[in-house]
Each structure stands twice: as C-alpha cells, then as structure tokens.
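The values are calculated or read from the model by the stated rules, or taken from the named source; none is laboratory data. Predicted model only: the values in this text are computed from it and were never measured. Cβ atoms come from the backbone with ideal geometry, glycine included; neighbour counts cover every protein chain shown.
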Amino acid sequence: MVNHRSSSAHPSGAFGARLGVEDREEAWQRLSAEQFDVVVIGGGVVGVGTALDAATRGLRVALVEARDFAAGTSSRSSKLFHGGLRYLEQLEFGLVREALRERELMLTRLAPHLVKPVSFLYPLKHRFWERPYTAAGLLLYDTMGGARSVPGQKHLTRAARCGWSPRSSATR
C-alpha cells in the first residue's frame, strides 16, 4: 500500500517505501483508519501509473496489491490507448468521445514523451460489405476526433498491404 502526503509518511514521501511482510499489517490498519481520496486496486503498470498520476495531482492515494508490484495482469496487457473504436459499433458515442479525449490528453499534454501513435492493419474477409461498413465507421470516428493527433484511416490494396508489412507478404 502506498500513501502519499501522509503526516506519518516515510521520509521519501511514500508510506510504501517499506514493502516487507512485517509492514503489511500496519499498512492494512492504516488503510482502514485513514481517509484517502483514491484507492487503487492492483500494483501493475496501470495501477501504479494511476496512483502516481493521482498523487502528483495532490490526492491522498492508497495502493493495494495482492502479491508483488508488477506481478499481475497489466504486465500482459497491450498498453494501447485506444480511442474507443469498438464502442462506436455499439453506438456508445459518449464512451467514444471520452476515450478520444483521454487519448488526446495523453498524446498532447500528459505524456507525449511516453505515448506514440501505432499504425495497424484491419484485414477484411468480406471486402464487398466490410469495406464500406468499416470505412463509414472509421469516417465517423475520424470526424468525432479520432484523427486529431493521429493519422486518419487509409485504405490499402493487397499489393500496398504487402509492401506495408513484411510479414503480410507471406499471407497473400
């Protein structure tokens, strides 16, 4: 558990500077006795990043981890900031806008040194109906702000696709 800005905090500024088994009971007691602005469950890269972000904004933060820091599921996630494209098909326009705003903040203000656009191929199995369907969805997405800080959609022919990705030439 990490507690930033506590009156009895470790001199380093974080209670969690001591991570031994003997400190665990004291940490649990503090968690139930003190008030925190944010409690983060999970000490993987996402949880620790969330806790760090909240602490740097001046919030009192508790971080709870079952095992060891960075031992869990976030170590196996893709770490991609998406703009909510999958929500578009579900007609969740509010979630799309929220995801795009968050991605835009990360790309331009909060962490431009850490976040970089990544291109990807979206293969079509049934191009006669999937291409207009996907193109319309991506056009709406780009219009909503998806192409603000990242390049908009591009359509590739099979030949162009093979030149874009060395591995794809084998799957012609």
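Residues of the range 56-69 that are modelled with pLDDT under 75 and surrounded by 14 or more Cβ atoms within 10 Å (Cβ to Cβ): Phe69 alone. Do we find a residue being modelled with pLDDT under 90 and in contact with an Asp or Glu (Cβ under 8 Å, 6 or more places away or on another chain) anywhere in the range 112-134? There is at least one residue in the range 112-134 that is modelled with pLDDT under 90 and in contact with an Asp or Glu (Cβ under 8 Å, 6 or more places away or on another chain). State whether one or more residues within the range 86-94 are within 26 Å of Gly47 (Cα to Cα), outside any loop (DSSP other than H, G, I, E, B) and at pLDDT 90 or above. The answer is yes, given that some residue of the range 86-94 is within 26 Å of Gly47 (Cα to Cα), outside any loop (DSSP other than H, G, I, E, B) and at pLDDT 90 or above. The set of residues in the range 85-118 that are under 19 Å from Gly137 (Cα atoms) and in contact (Cβ under 8 Å) with a residue 40 or more places away in the chain comprises Leu85, Leu88, Glu89, Phe93, Val96, Arg97, Leu100, Arg101, Arg103.
Of all residues in the range 121-130, none satisfies being surrounded by 13 or more Cβ atoms within 10 Å (Cβ to Cβ) and over 27 Å from His155 (Cβ atoms).
For the condition surrounded by fewer than 13 Cβ atoms within 10 Å (Cβ to Cβ) and under 21 Å from Thr50 (Cα atoms), what is the one hit in Leu95, Leu107, Leu114, Leu100? Only one candidate passes the filter, namely Leu114.
Of all residues in the range 26-71, those satisfying the criterion of being in a helix (DSSP H, G or I) and among the charged types (D, E, K, R) are Glu26, Arg30, Asp53.
Among residues of the range 132-156 that are acidic (Asp, Glu), those with a beta-carbon under 8 Å from a residue that is surrounded by 14 or more Cβ atoms within 10 Å (Cβ to Cβ) and part of a loop (DSSP other than H, G, I, E, B) at least six positions away or on a different chain give the pairs Asp142/Gln153.
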